[in-house]
Amino acid sequence: MALLVGRHVNKIDKKGRVSVPKPFRDAFKDQGFAGLYFYPSFKYPSVEACGEDFMSRLSESLDDLDMYSDEQDDLASIILENAHPLPFDPEGRVVLPPELVEHAGLKEQALFVGRGPRMQIWDPEAYALHAKRAFERARSRGATLRLRRPAEKTSEDPS
């Protein structure tokens, strides 16, 4: 699965095209679909984007919720119904649909932010405020992270 880290700012042209940062594109080059899935974040004024593997995980995870429950229906509506599979053009660009541009308040630039197997796309000014608040919240809570232990290799594991 892809590992997306860091931040990259790219211009959005008048046709709504934006270049997906090369390190992010390269992380998905082995998937079947030559593009990414984009959908509005339901938590932030941003766009989420991921590859086919992660989109499949999202879909399968929705199946873990009670069928016909409000929670399952709401999340399926937010994620799956509003997802746009956007192929890369020869220059590595995608055309962002107007509703995603509007949702994230994107203007002339898009800030791509790595989130492990997925990314977020923000207006750079909005993200600066969000990042500052997130840092302050984590610091005030004394947030810590328990690292997972690396998977142990077995005698059958060739690596």
Can you compute 3J(HN,Hα) from phi for each residue in the range 68-85, using the Karplus curve 6.51 cos²θ - 1.76 cosθ + 1.60 with θ = phi - 60°, rounded to whole Hz and x for Gly and Pro? 6, 6, 4, 4, 5, 5, 4, 5, 5, 5, 5, 8, 6, 5, 9, 7, 10, x
Across 43/132; 29/132; 14/43, pairs whose alpha-carbon gap is larger than 24 Å: 29/132; 14/43
Which lysines, on any chain, are close to residue 15 with Cα under 21 Å apart, when same-chain ones fewer than 8 places away are left out? 107
I want to check the label-to-label distance for residue 139 and residue 56. Put each point 7 Å from Cα in the C-beta direction and report it in nm to one decimal. 4.2
Please compute the contact order of the range 7-141 in relative form: average sequence separation of alpha-carbon pairs under 8 Å and at least six residues apart, divided by the residue count, as a percent. 34
Label-point separation, residue 132 to residue 73 (7 Å along Cα→Cβ), nm: 4.1
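What longest range of the chain stays clear of loop-exposed trypsin sites (Lys or Arg not before Pro) (DSSP non-H/G/I/E/B, at most 15 other C-beta within 10 angstrom)?
Details: sites that count: 14, 15, 29, 43, 107, 146, 148, 153.
No qualifying site falls inside 44-106, the longest such stretch.
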List every residue whose amide H lies under 5 Å from the amide H of residue 109, counting only residues 5 or more places away in sequence or on a different chain, with H placed 1.01 Å from N in the peptide plane. 12
Please list, by residue number, every one of the GluC sites (Glu not before Pro) in the range 104-152 that is coil in DSSP and has at most 13 other beta-carbon atoms within 10 Å. 108, 152
For residue 46, what residues show an amide H to amide H distance below 5 Å, using hydrogens built from the backbone and excluding near sequence neighbours? 41
Once you mark the chymotrypsin sites (Phe, Trp or Tyr not before Pro) that are in a DSSP loop and have at most 13 other Cβ atoms within 10 Å, what is the longest gap between them in the chain? 69-159
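Semi-axes of the range 7-141's equivalent ellipsoid from the Cα gyration tensor, sqrt of 5 times each eigenvalue, largest first, rounded to whole Å?
In descending order the semi-axes read 23, 21, 15 Å.
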Work out from phi, with θ = phi - 60° and the Karplus expression 6.51 cos²θ - 1.76 cosθ + 1.60, the ³J(HN,Hα) of each residue of the range 17-32, listed in order in whole Hz, and give x for Gly and Pro. 8, 9, 7, 6, x, 3, x, 6, 4, 4, 5, 10, 5, 8, 7, x
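What net charge is computed for the residues neighbouring residue 109, neighbours being all others with C-beta under 10 Å from the C-beta of residue 109, Lys and Arg scored +1, Asp and Glu -1?
Numbers: positive: 11, 107; negative: 108, 123, 125.
Combined, the nearby Lys, Arg, Asp and Glu give -1.
Values in this text are rule-based calculations from the coordinates and carry no lab data. The model shown is predicted, which means the values in this text are computed figures rather than measured ones. As a convention, Cβ positions derive from the backbone with ideal geometry for all residues, glycine included, and neighbour counts pool all protein chains shown.
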